[in-house]
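Please read the structure below before turning to the comments.
The values are calculated or read from the model by the stated rules, or taken from the named source; none is laboratory data. Quick caveat, the model's predicted, so the values are computed rather than measured. Please note: Cβ atoms are built from the backbone with ideal geometry, for glycine as well, and neighbour counts cover all protein chains shown. Accessible surface is based on the protein model in full, side chains and every heavy atom, while ligands, DNA and RNA are left aside. Shrake-Rupley method; radii C 1.70, N 1.55, O 1.52, S 1.80 Å.
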Amino acid sequence: MNDRGKVTMRIAVAGATGNVGARTATALEQAGHEVVPISRSLGVDLITGDGLDTALRGVDAVVDATSYEAADRDDALAYFGTATTNLLAAEERAGVRHHVLLSIVGIGRVEGNAHYAGKREQERLVAQSPVPWTIVPFTQFHDFAAIVTSWTEQDGVAPIPPLLVQPIAPADVAGILAEIATGTPQGRYRDVAGPEPQDLMDMARRTNDARGHTVKLVPTWSSILGPEMAGNVLLPGEGARIAPTTFDEWLANARR
């Protein structure tokens, strides 16, 4: 309990040095909670299990915000399967009372994507674990268009799939994860999305313009993401929780 009489928790954040993990750790600390960062660079390895038992000692809840760029489906399944199994087993040994998983809207509707296959395996393991859990599916982030551009750009040209998305600000994701981690386990949480649908090509163009990055964008389904993601596949379902930050608001703060 802190000086204001508010109950504080000891919460571990896996992927604490990443895009959302770092923001989640900050949000929790600003709310007065004690954060235990879990990252290979900080000496805790989810694949080998090294350092996990020590890190989780006395932890009330764990937020798993890890990410992994998989080379193929088998690689994704191996990474997410091993990391999640090790993390959940260590949580059970430590008596952790709540596991919160950052997941993705629409992964059950897309079969051909290696990363989504890994995330489905991650969800399966969490749902079968004796550790009480909440799985929170988010839509793509506001910086997703810039990330896709960085993946595909070559010689000043970037193939971009014409996806329809409803992007959410990473800071909003972090705030919601922090809120859920300090509450009771809820099982599968409702979809969480940003305020409005966007076309990924337009997002990429506007982000590159805001950052002063010159690149020719070519719309195509023959790039890294295929037509199985077309239409409403990546949009939130009915009853979704809508986060407040618009793409325009986020873009206004994008660095050049």
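Since ARG256 meets every condition but one in (1) closer than 21 Å to ASN19 by Cβ; (2) touching a helix residue (DSSP H, G or I) at 6+ places or on another chain (Cβ under 8 Å); (3) modelled with pLDDT of 95 or more; (4) not in a helix (DSSP H, G or I), which condition does it not meet?
(3)
May I ask you to verify whether VAL157 is more than 28 Å from GLU238 (Cα to Cα), touching a Lys or Arg at 6+ places or on another chain (Cβ under 9 Å) and either surrounded by 21 or more Cβ atoms within 10 Å (Cβ to Cβ) or β-branched (Val, Ile, Thr) (or both)?
yes
Starting from residues that are over 22 Å from the mean Cα position of the chain (by Cα), open to solvent by 50 Å² or more (accessible area, probe 1.4 Å) and within 17 Å of ALA158 (Cβ to Cβ), keep the ones in the stretch 219-252 and report whichever is modelled with the highest pLDDT.
Filtering first and then ranking leaves PRO219.
Residues in the stretch 147-192 that are part of a strand (DSSP E or B), more than 24 Å from TRP221 (Cα to Cα) and within 14 Å of the chain's Cα centre (by Cα): how many?
Matching residues across the stretch 147-192 total 1.
Hey, does the stretch 201-218 have a residue that's β-branched (Val, Ile, Thr), more than 25 Å from ALA70 (Cα to Cα) and surrounded by fewer than 19 Cβ atoms within 10 Å (Cβ to Cβ)?
yes
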